[in-house]
Amino acid sequence: MAGRLIVVSNRIPTEGATAGGLAVALHDSLSGTGGIWIGAHPEVGPEESLFEIGDGPYQRLAFQLSRSEYENYYLGFSNCVLWPLFHRRSDLVVLKSAYLQEYLSLNRRLSNMVAEVARPDDLIWVHDYHLLPLAHYLREQGVAAKIGLFLHIPFPALADLSILPDPSIFAEWLASYDLLGLQTQADTARCLEMYRADERAEFFQDGSIKFRDRLVRVKSFPIGIAVDAFQSLADYSTGNPFGAEQPQEYIIGVDRLDYTKGLPNRFRAFGEYLHDYAEGRRPSLIQIAPPTREVVEAYRQITEELEELSGRINGRYAELDWTPIRYIHRPIARDRLAGIYRGARACLVTSLADGMNLVAKEYVAVQIPDDPGVLILSRFAGAAEDMTDALLVNPYDIDEVAKAIDTALNMPAEERIARHRSCMAAVQATDVGRWTKHFLAALIASQGRLAISSGKHDRHSRIGEERPEPRQVKFQHVEKSI
Ligand code: ADQ
């Protein structure tokens with residue numbers, strides 16, 4: 001029977017979709033290809049096996065996390081260890097053995113459920129840092145299907161990994177995938193660096209690594225947005241998404257409220273812009289930042305810090321008919337969001353570390369080409385690797401960001417148009433439809449388990465040597481539909 005696409009992620013989208021980039025990107029991909037999406041239901045509960053939710057263009061199978069799994073696997077190891085560690089915030093890592101134990105046991109439990117559903121000719125596409133060891137457990141259960149992982153967040157530097165009790169586990173877990181997809185070439189370089197430091201690994205020029213009896217390919221697949229669909233949203237969104245409160249000139253920021261997004265520095269830079277550069281001009285910064293992971297202490301702190309900062313800046317500069325920072329602490333419907341982006345003279349993305357950053361791409365996608373706004377983009381967001389004609393800034397340098405705001409608001413039309421054209425080419429090139437196609441094509445072409453007895457791969461086969469011919473794989477259904 002022809003194989004199916006099985007997507008596995010930490011969270012499965014339910015009605016009232018989440019604000020995360022992962023949900024937005026995958027919904028679009030699976031709607032096109034059909035298949036199965038497996039993930040945790042947002043409500044904690046006792047249900048131990050998979051159950052079907054909703055209906056639609058693909059099957060959605062959910063499982064429930066127990067209270068303890070939620071605390072130790074999700075909030076604990078995923079969000080208090082891996083998230084800060086992979087975003088260069090080792091200072092926020094909380095090491096507890098219960099976190100790792102439950103992270104492993106949840107991944108093992110999930111592997112049982114996936115193994116029951118998967119057939120040998122399926123393609124299994126695992127998403128993100130919550131599920132790094134999933135393929136390792138699936139292989140233990142004898143699952144032979146091709147398994148790919150896409151990591152949505154940055155790949156950490158070797159030095160950062162060393163704060164874990166046993167950093168070598170990553171090389172072991174990840175080698176059970178056939179394909180490791182990362183956001184950028186810089187992420188790929190860091191992943192290869194990790195394997196280079198591991199004696200068990202051997203390398204091939206195309207980024208493949210031999211590890212024990214498996215061959216894993218490491219490659220960047222920069223994620224993007226559904227360009228046409230998002231542009232249509234902007235076209236159909238009502239002319240004035242603000243109602244009576246339309247600001248005259250505004251800059252937009254849209255982020256989950258997360259310490260990686262550099263929001264305090266953004267507010268400070270806007271305050272500095274008002275102080276040093278504005279000269280009678282009265283732009284507003286509209287910051288849309290829905291809360292996430294509020295029970296984690298680091299998130300509570302940043303919420304308070306932003307309220308304090310916006311209050312201080314508004315207290316100092318506001319006038320009866322002008323609010324400098326409009327800080328909206330909740331999600332906004334996507335059609336309104338598209339309209340708000342379109343009207344903004346600039347967009348501020350100031351992430352301190354970010355896998356890609358889809359907001360940057362959404363903003364560029366909906367600009368009017370002959371009168372576009374300006375993207376101010378952190379050089380630490382993955383998007384900066386391709387969108388080199390955005391106004392790139394160091395988000396730690398508040399003066400530089402303040403100056404970039406001034407530059408953006410005064411930029412001549414000709415320069416705005418040229419920069420936008422170049423950024424738009426990057427947005428088009430990474431359209432989520434193409435992204436899915438590229439990832440799945442590479443997964444289909446991947447080699448997986450090696451015939452070690454052939455003797456072709458010993459410690460002497462190094463960079464530059466021939467790798468064995470990939471096996472012929474039959475995958476008619478997916479090949480046709482992507
Ligand atoms: P996120 O950290 O969630 O994603 P991002 O890439 O910016 O970050 O995606 C956010 C998405 O949520 C965007 O589509 C945005 O429009 C939407 N969104 C945010 N706030 C919203 C609001 N208030 N109302 C409505 N929609 C809102 C993770 C990684 C990123 C990576 C993506 C995709 O951290 O680096 O780019 O996955 O791989």
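Some observations on this one:
- Karplus (6.51, -1.76, 1.60) ³J(HN,Hα), θ = phi - 60°, over the stretch 140-155, in Hz, Gly and Pro reported as x: 4, 8, x, 5, 9, 4, 6, 10, x, 10, 10, 9, 7, 10, x, 7
- With the convex hull of its Cα atoms as the shape, the stretch 92-239 has an orientation-averaged projected area of 12.3 nm².
- Given R0 = 45 Å, the distance between the Cβ atoms of ARG88 and PHE51 translates into a calculated FRET efficiency of 0.70.
- The distance separating the Cα centre of the stretch 53-84 from that of the stretch 409-447 comes to 30 Å.
- Structure-based [θ]222 nm, the chain - -39500 (n - 2.57) summed over DSSP H runs of at least 4, per residue, nearest 500: -11500 deg cm²/dmol
- Whole-Å semi-axes of the stretch 60-150's equivalent ellipsoid (Cα gyration tensor): 25, 14, 11
- Hydrodynamic analysis of the stretch 227-429 uses the Kirkwood radius over alpha carbon pairs. Inserted into Stokes-Einstein at 25 °C and 0.890 mPa s, it gives a translational diffusion coefficient of 145 µm²/s.
- Once the C-beta distance of ASP198 and ILE163 is scaled by a Förster radius of 22 Å, the resulting FRET efficiency is 0.80 to the nearest 0.05.
- Stokes-Einstein translational diffusion, the stretch 350-451 - Kirkwood Rh over all Cα pairs, 0.890 mPa s, 25 °C, in µm²/s: 164
- Helix 185-196 axis versus longest C-alpha principal axis of the chain: approximately 40°, rounded to the nearest ten.
- Exposure rule at most 16 other beta-carbon atoms within 10 Å, DSSP loop chymotrypsin sites (Phe, Trp or Tyr not before Pro): the chain longest free segment: 1-241
- Between helix 97-117 and the chain there is an angle of about 70 degrees, using the helix long axis and the longest principal axis of the Cα atoms.
- In order along the stretch 200-212, phi translates into HN-Hα couplings of 6, 9, 10, 10, 10, 5, 7, x, 7, 10, 8, 9, 6 Hz, rounded to whole numbers, per the Karplus curve 6.51 cos²θ - 1.76 cosθ + 1.60 with θ = phi - 60° and x for Gly and Pro.
- Using only Cα coordinates, the Kirkwood hydrodynamic radius of the chain works out to 23.6 Å.
- One equal scatterer on each Cα of the stretch 332-400, no solvent, Debye formula: the resulting log10 I(q)/I(0) at q = 0.14, 0.21, 0.23, 0.27 Å⁻¹ is -0.40, -0.86, -0.98, -1.19.
- In degrees, nearest ten, helix 21-33 long axis to first principal axis of the chain (Cα): 60
- Partners for LYS403 among aspartates and glutamates (Cα-Cα distance below 19 Å; same-chain residues under 8 apart left out): GLU249, GLU272, ASP276, GLU279, ASP389, GLU415
- Over the stretch 95-230, relative contact order from alpha-carbon pairs under 8 Å, at least 6 apart, %: 20
- Using C-alpha pairs below 8 Å separated by at least 6 residues, the relative contact order for the stretch 227-429 is 26 percent.
- Cα-Cα pairs of the stretch 213-323 separated by more than 22 Å (percent): 52
- Comparing Cα centroids, the stretch 358-394 and the stretch 130-157 end up 31 angstrom apart.
- Neighbourhood net charge (12 Å Cβ-Cβ; Lys/Arg +1, Asp/Glu -1) for ARG342: -2
Every read-out reported here was derived from the displayed coordinates using simple, explicitly stated rules and does not represent laboratory data. On a predicted model such as this, the values are computed, not experimentally measured, just so you know. Every residue, glycine as well, gets a Cβ built from its backbone with ideal geometry; the counts of neighbours run over all protein chains shown.
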